[in-house]
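The values are calculated or read from the model by the stated rules, or taken from the named source; none is laboratory data. As the structure is a prediction and not an experimental result, all values here were calculated from the model. Here Cβ is always computed from backbone atoms with ideal geometry, including for glycine, and neighbour counts include all displayed protein chains.
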Amino acid sequence: MKITDVQVEVLKVTLERTYAAGGRKVDGNWHVLARITTSDGTEGFGYVVKQREDLVRAIAVATKELGQHLIGMDVLNVEAAWESMAARADWVGPGGFLHWAIAPLDIAMWDAAGKIVGQPVYKMLGGYQNGIKAYASDALWYSLSLNELEASAAQHAANGFSAIKLRLAKTAPAAEQAERVRAASKGAGPNVGIMVDATESWDFTRALEMGRALQKAGIFWLEDPLPHTDLEGLAELSSKLDIAVTGGEHLYQLVQFRDTFKTRALDIAILDIARVGGITPWRKIAALAEAFNMKVCGHVIPEVHVHLLSAVPNGHMVEYMPRSTPILDGMPEPKDGILKAPDGPGLGFSLNEKAVAKFRVE
């Protein structure tokens, strides 16, 4: 089926409760939403999500421009379309801004392709299984008090999650950070594992000190303890700790993942669908990780990542931090800690057009 129309919108999905992340107030989730229509009337959609307004409109303009060059192409030829867009705008790539602009279109093509052939995306990508373990990652911010953190952890446990992930501070002492881990563990109970995200905040000396203290406090996962460019430091840190050192969400290109895997800088890789440029390159990175006997996880957008992680044999866990629920009908939700991939064609869920209109900025 030929692509006949491409439309791009910017949405701000406002939050009922604001929070602080990375020292910034977050009051909404910004979406660049792409819609692709084919000659038989099939519509596929895809989007990327960011907590900050900066450059979102610029990405939307780039997505709209690239989308016009898809008109006339066969929607099933996702690889050809991706390479065509990447080549056309290679002067701002590879990676970076270019990948953010391509990703909504690539996801929309896969959604439309699945609808045309009558199959869910996870089966089109391999269909290794139909669901994946989910961990809770929302409402566990460093801005919460210890009591609030304990209560939030307890709620996640009551909702069936067997793992939760906390955010840590850049400058707080190790004892304070460990206390937060213990508070979360107390709230969640003994059957829930504790993960932490350091958001690339430390140098090696501090990361080792923190890692040992947090390991003693009971975590099993230490995410982004060092800048993603410090491959030697990450590899050494991993060798000195008995917990998984994880990361990868800041990487854009297949070759970056290759170099990271070759140095054994990570124990588990985290893939960000927007930064890597959509579903088409995501599957290549997952296959590369498999060659290194490495598990992969997805960074946010769980409703799409559940398809990708269910499709591959080295899919590990999906981060359940839904940021698009208000604009979707049929948003998948975990049950007993497992997120099932929707069985409907394409992504298996649809846009709530009334909500889209409400949150549309332009």
Has the stretch 93-113 got any residue that is among the acidic types (Asp, Glu) and over 21 Å from the mean Cα position of the chain (by Cα)? no
For the stretch 109-125, what are the residues that are in a helix (DSSP H, G or I) and closer than 22 Å to ALA287 by Cα? MET109, TRP110, ASP111, ALA113, GLY114, VAL121, TYR122, LYS123, MET124
Conditions (1) part of a helix (DSSP H, G or I); (2) out of contact with any Leu (no Cβ under 9 Å at 6 or more places or on another chain) -> ARG283 fails only (2)
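One line per residue, one yes/no per condition, for (1) in contact with a helix residue (DSSP H, G or I) (Cβ under 6 Å, 6 or more places away or on another chain); (2) at pLDDT 95 or above; (3) more than 29 Å from PHE349 (Cα to Cα):
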site: ASP74; (1), (2), (3): no, yes, no
site: LEU98; (1), (2), (3): yes, yes, no
site: ALA103; (1), (2), (3): yes, yes, no
site: ALA108; (1), (2), (3): no, yes, no
site: ALA136; (1), (2), (3): yes, yes, no
site: LEU149; (1), (2), (3): yes, yes, yes
site: SER152; (1), (2), (3): no, yes, no
For TYR128, all conditions in the list (1) closer than 19 Å to VAL8 by Cβ; (2) of a type in the set (Ser, Thr, Tyr); (3) touching a Pro at 6+ places or on another chain (Cβ under 8 Å) hold save one; what is the number of the exception? (1)
Search result, residues across the stretch 265-275 that are in contact with a Lys or Arg (Cβ under 9 Å, 6 or more places away or on another chain) and not in a loop (DSSP other than H, G, I, E, B): ILE268, ALA269, ALA274
If we keep only residues of the stretch 162-220 that are among the β-branched types (Val, Ile, Thr) and out of contact with any Phe, Trp or Tyr (no Cβ under 8 Å at 6 or more places or on another chain), then the residue nearest to ILE243 (Cα to Cα) is ILE219
Take the stretch 246-271 and flag every residue that is of a type in the set (D, E, K, R) and out of contact with any strand residue (DSSP E or B) (no Cβ under 8 Å at 6 or more places or on another chain). ARG258, ASP259, LYS262, ARG264
In the stretch 340-350, residues that are surrounded by fewer than 17 Cβ atoms within 10 Å (Cβ to Cβ) and of a type outside the set (D, E, K, R) total 2
Does any residue in the stretch 330-352 that is in the same structural domain as HIS305 (by TED's automatic domain parsing) come within less than 8 Å, Cβ to Cβ, of a residue that is in a strand (DSSP E or B) and of a type in the set (Val, Ile, Thr) six or more places away or on a different chain, and which pairs are these? ILE338/ILE132; LEU339/ILE132; LEU339/VAL318; ALA341/ILE132
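A quick yes/no check of all residues on (1) under 16 Å from the mean Cα position of the chain (by Cα); (2) of a type outside the set (Asp, Glu); (3) surrounded by 17 or more Cβ atoms within 10 Å (Cβ to Cβ):
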{"residue": "ILE243", "(1), (2), (3)": "no, yes, yes"}
{"residue": "ASP259", "(1), (2), (3)": "no, no, no"}
{"residue": "ALA265", "(1), (2), (3)": "no, yes, yes"}
{"residue": "ILE268", "(1), (2), (3)": "yes, yes, yes"}
{"residue": "ASP272", "(1), (2), (3)": "yes, no, yes"}
{"residue": "ALA289", "(1), (2), (3)": "no, yes, yes"}
{"residue": "LEU309", "(1), (2), (3)": "yes, yes, yes"}
Yes/no for GLU16 being within 21 Å of ASP138 (Cβ to Cβ) and not in a strand (DSSP E or B): no
Residue pairs, Cβ under 7 Å, 6 or more apart or interchain, first in the stretch 186-211 and touching a residue at least 40 places away in the same chain (Cβ under 8 Å), second of a type in the set (Val, Ile, Thr). List them. MET195/ILE164; MET195/ILE219
